[in-house]
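The values are calculated or read from the model by the stated rules, or taken from the named source; none is laboratory data. Keep in mind the model is a prediction, meaning the values are calculated, not measured. All Cβ positions, even for glycine, are placed from backbone atoms using ideal geometry, and neighbour counts span all protein chains on display.
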Amino acid sequence: MSTLEKELSRERIRPETEHRLLICGGLPCHSKGCRQVKEALTDELQKRGIADEIPIEVVGCIGDCSLGPAVIVYPEGIIYQQLTAEDARTIVREHLIAGQIVETLLHRDPRSGEIIRERESMPFYREQTRLVLRNCGVISAHIDDYLKYRGYAALARALAEMTPEQVVAEVKDSGLRGRGGGGFPTGRKWELVRQAHSDEKFVICNADEGDPGAFMDRNILEGDPHSIIEGMIIAGYATGATRGYIYVRAEYPMAVHRCREAITQARRKKLLGNNILEKGLSFQLEIRTGAGAFVCGEETALISSLNGTRGDPEPRPPFPAQKGLWGKPTLINNVETLANIPLIILHGAARFAELGSAGSTGTKVFALAGKVRHTGLVEVPLGTTLRQIIFDIGGGIPGDKKFKAAQTGGPSGGCLGVESLDRPMDYDSLREMGSIIGSGGLIVMDEESCMVDLARFYLDFNQDESCGKCTPCRIGSKRMLELLQKITAGRGEERDLEILERLAHLMKTGSLCGLGRTAPNPLLSTLHLFRDEYLAHIRERCCPAGACRNLSGPQKGPKEESRG
């Protein structure tokens, strides 16, 4: 355990002497009936006349989506999983009234059969290093809970003990790189905005999370919005910015609601506005919702959208640090990047840099999804292997099927095969393997997953999300998608693979923005690792995974088809 983890563990110690109930309020739990569970708990507590004695708090996503709806009972810290309304009433009667733990509602480790009572004892959590997610699922999104765990202490330290230049230097020394996909050194970006001369500067939190299967930013905004607000205020102090915007997609209504409430709470506590903490700092913060265009995750397109025009990317330079929102110097960091800032300022760059690997310090939050037993949010030090994430934390592949590949970085990333299971997951290693970390999407595939269809899916997404401004992306993505559709329909020719590769390289070198330049990555990586699968689709009119409906499956031969 690193020094930073030990310090955070000491901070988490909260003397629990009375009962309180925490209900996971993440979107997966909502879809499974957490509202009904809460209503049943409230109703049963009222019937017993103890509703005023035992508070119920809705918290952010607890991490493991397979557990929901879930309730944690303090002071014992017992976690109950996959609850119904009747289960909730049982918890009140047996645990809260009779003092008996309801073992039938506890988690059972599928590998060892062990019954686990506390969340931290589950393999899914035990193997993680939850720093950015330290408050998610532990406290409510209210500012009073955040303050109990040294919330805004980093801001107080920055204003009282550090100059803006020292804050920038601390972020630089930490080695923190942007968690939104590009991996640009955060401290260097802050320095560029700090050095820019202007009468006005801005800080933008990029919460336009649009990768299929990604939900890291959404859950941080829902579960711990004050960590983002604190990070943005510190960024404003360091760079000289006086106004900030959280740009979040409108499809995240719960995140928007909780962020707005958090901003209101911070204003009431005089942590936003004029003369913050009586140190002369002024910083205003607002929410802006986007229409859900994937391309608006790109910095210049996001700025165009905030400017009130169509969210199209622009050529760079000039970069936003010199000419951004309304032509003024603008700092843009994503949600996870900003959530790291209070940790770095409060505990120091050296302790933060103890975690991770050379050139990739700190932790990374991944949205683990796909063919894995335990899906959800996973936070590990950069440099952790793919095997550790999928098998030690995620519990491996369901149904004893074989691991086939993992897609990292969403539509802009690439596939990793079995040979990559023991390679470190950091910025440089993934780039060497033909992929990227991206914002943190991690989708696992087993032997029944078709790599050709996967490439088609991501090309379909990117082609649909292309703004159409530049020819390589607008036309190239369309032609590539048509060829992949042709192959998965059983009409492919071998020369199509050569055309696909040529189009992919033209898109990578000629596209205006990152969407077009990275859109071919899923195709190129699957072609490199699973070329035989493409050839099977073309030569044998067969899908080895049995996933393409227009083709024969792996067990079907000409004789079997003739008998059918």
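Take the residues in the stretch 161-207 that are buried (at least 19 other Cβ atoms within 10 Å of the Cβ) and among the polar types (S, T, N, Q); name whichever of them is nearest to residue 410 (Cα to Cα).
Per the stated criteria, the residue is 206.
When both residues are 6+ apart or on different chains and their Cβ atoms are under 6 Å apart, which pairs have a first residue that lies in the stretch 465-479 and is in the same structural domain as residue 509 (by TED's automatic domain parsing), and a second that is buried (at least 20 other Cβ atoms within 10 Å of the Cβ) and of a type in the set (Phe, Trp, Tyr)?
Within 6 Å, the pairs are 465/294.
Conditions (1) among the hydrophobic types (A, V, I, L, M, F, W, C); (2) in contact with a Gly (Cβ under 9 Å, 6 or more places away or on another chain); (3) not assigned by TED's automatic domain parsing to the domain that holds residue 385, marked per residue:
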residue	(1), (2), (3)
107	no, no, yes
110	no, yes, yes
114	no, no, yes
129	no, no, yes
133	yes, yes, yes
136	yes, yes, yes
149	no, no, yes
152	no, no, yes
156	yes, no, yes
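Inspect the stretch 210-222 for any residue being closer than 22 Å to residue 279 by Cβ and in a helix (DSSP H, G or I) and give the result as yes or no.
First pass over the stretch 210-222, keeping only residues closer than 22 Å to residue 279 by Cβ: none.
Checking the stretch 210-222: not a single residue is closer than 22 Å to residue 279 by Cβ and in a helix (DSSP H, G or I).
Any chance the stretch 43-53 includes a residue that's part of a strand (DSSP E or B) and crowded, with 17+ Cβ neighbours inside 10 Å? Don't jump to the end; show me each part of the working.
Looking only at the stretch 43-53, we keep the residues that are part of a strand (DSSP E or B), and these are none.
Within the stretch 43-53, not a single residue is part of a strand (DSSP E or B) and crowded, with 17+ Cβ neighbours inside 10 Å.
Looking only at the stretch 337-352, decide whether some residue is out of contact with any Leu (no Cβ under 7 Å at 6 or more places or on another chain), in a helix (DSSP H, G or I) and more than 30 Å from residue 393 (Cβ to Cβ).
No, because not a single residue in the stretch 337-352 is out of contact with any Leu (no Cβ under 7 Å at 6 or more places or on another chain), in a helix (DSSP H, G or I) and more than 30 Å from residue 393 (Cβ to Cβ).
Which of the residues belonging to the stretch 417-449 are surrounded by 24 or more Cβ atoms within 10 Å (Cβ to Cβ) and either free of Cβ contacts under 8 Å to residues at least 40 places away in the same chain or farther than 18 Å from residue 367 by Cα (or both)?
430
Going through the stretch 112-125 one residue at a time, which ones are under 27 Å from the mean Cα position of the chain (by Cα) and closer than 16 Å to residue 395 by Cα?
Those that are under 27 Å from the mean Cα position of the chain (by Cα) and closer than 16 Å to residue 395 by Cα: 116, 119, 120, 121, 122, 123, 124, 125.
For the stretch 353-369, name all the residues that are among the aliphatic types (A, V, I, L, M) and outside any helix (DSSP H, G or I). If you could, list the steps in order and put the result at the bottom.
Applying the first criterion (among the aliphatic types (A, V, I, L, M)) to the stretch 353-369 yields 353, 355, 358, 365, 367-369.
355, 358, 365, 367, 368, 369, listed by residue number.
Looking at (1) surrounded by fewer than 23 Cβ atoms within 10 Å (Cβ to Cβ); (2) part of a helix (DSSP H, G or I), which one does residue 507 not meet, given that it meets all the others?
Tallying (1) surrounded by fewer than 23 Cβ atoms within 10 Å (Cβ to Cβ); (2) part of a helix (DSSP H, G or I), residue 507 fails exactly one: (1).
Which members of the stretch 54-74 meet the condition of being in a loop (DSSP other than H, G, I, E, B), of a type outside the set (A, V, I, L, M, F, W, C) and within 18 Å of residue 107 (Cα to Cα)?
Pass one, the stretch 54-74, residues in a loop (DSSP other than H, G, I, E, B): 54-55, 60-63, 68-70.
Checking the rest, the ones that are also of a type outside the set (A, V, I, L, M, F, W, C) come to 55, 60, 63, 68-69.
63, 68, 69 - these are the residues of the stretch 54-74 that are in a loop (DSSP other than H, G, I, E, B), of a type outside the set (A, V, I, L, M, F, W, C) and within 18 Å of residue 107 (Cα to Cα).
State yes or no: is residue 430 of a type in the set (A, V, I, L, M, F, W, C), touching a strand residue (DSSP E or B) at 6+ places or on another chain (Cβ under 9 Å), in a helix (DSSP H, G or I) and at pLDDT below 95? Can you show your working first?
Working: of a type in the set (A, V, I, L, M, F, W, C): yes; touching a strand residue (DSSP E or B) at 6+ places or on another chain (Cβ under 9 Å): yes; in a helix (DSSP H, G or I): yes; at pLDDT below 95: yes.
So residue 430 fits the description; yes.
Could you look through the stretch 462-488, keep only residues that are of a type in the set (A, V, I, L, M, F, W, C) and in a loop (DSSP other than H, G, I, E, B), and pick out the one that is nearest to the chain's Cα centre (by Cα)?
Within the stretch 462-488, the subset of a type in the set (A, V, I, L, M, F, W, C) is 467, 470, 473, 475, 480-481, 483-484, 487.
Retained after the next criterion (residues that are in a loop (DSSP other than H, G, I, E, B)): 467, 470.
Details: 467: 24, 470: 29 Å.
Selected residue: 467.
Before we move on, is residue 392 within 20 Å of residue 174 (Cα to Cα), modelled with pLDDT of 90 or more and out of contact with any helix residue (DSSP H, G or I) (no Cβ under 6 Å at 6 or more places or on another chain)? Steps first, please.
Values: within 20 Å of residue 174 (Cα to Cα): no; modelled with pLDDT of 90 or more: yes; out of contact with any helix residue (DSSP H, G or I) (no Cβ under 6 Å at 6 or more places or on another chain): yes.
Judged against the criteria, residue 392 is not a match.
Just to check your reading of the model, which residue among 94, 86, 103 is exposed (fewer than 14 other Cβ atoms within 10 Å of the Cβ), out of contact with any strand residue (DSSP E or B) (no Cβ under 9 Å at 6 or more places or on another chain) and among the acidic types (Asp, Glu)?
Values: 94 fails: exposed (fewer than 14 other Cβ atoms within 10 Å of the Cβ); 103 fails: out of contact with any strand residue (DSSP E or B) (no Cβ under 9 Å at 6 or more places or on another chain).
Step by step, each of 94, 86, 103 is checked, and only 86 is exposed (fewer than 14 other Cβ atoms within 10 Å of the Cβ), out of contact with any strand residue (DSSP E or B) (no Cβ under 9 Å at 6 or more places or on another chain) and among the acidic types (Asp, Glu).
Yes or no, residue by residue, for (1) of a type in the set (Lys, Arg); (2) without any contact (Cβ under 8 Å) to a residue 40 or more places away in the chain:
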residue: 315; (1), (2): no, no
residue: 337; (1), (2): no, no
residue: 342; (1), (2): no, no
residue: 357; (1), (2): no, no
residue: 365; (1), (2): no, no
residue: 387; (1), (2): yes, yes
residue: 390; (1), (2): no, no
residue: 400; (1), (2): no, yes
residue: 405; (1), (2): no, no
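Please tell me if residue 218 is basic (Lys, Arg), surrounded by 22 or more Cβ atoms within 10 Å (Cβ to Cβ) and assigned by TED's automatic domain parsing to the domain that holds residue 331.
Numbers: basic (Lys, Arg): yes; surrounded by 22 or more Cβ atoms within 10 Å (Cβ to Cβ): yes; assigned by TED's automatic domain parsing to the domain that holds residue 331: yes.
The answer is yes for residue 218.
Condition first: under 25 Å from the mean Cα position of the chain (by Cα), in a loop (DSSP other than H, G, I, E, B) and of a type in the set (A, V, I, L, M). Now tell me which residues in the stretch 161-194 satisfy that.
176
Check off (1) over 19 Å from residue 188 (Cα atoms); (2) without any contact (Cβ under 8 Å) to a residue 60 or more places away in the chain; (3) crowded, with 18+ Cβ neighbours inside 10 Å for residue 308 and give me the number that stays unchecked.
Among (1) over 19 Å from residue 188 (Cα atoms); (2) without any contact (Cβ under 8 Å) to a residue 60 or more places away in the chain; (3) crowded, with 18+ Cβ neighbours inside 10 Å, residue 308 violates only (3).
Of these, 226, 197, which one is assigned by TED's automatic domain parsing to the domain that holds residue 299 and in a helix (DSSP H, G or I)?
Details: 197 fails: in a helix (DSSP H, G or I).
Checking each option against the conditions leaves just 226.
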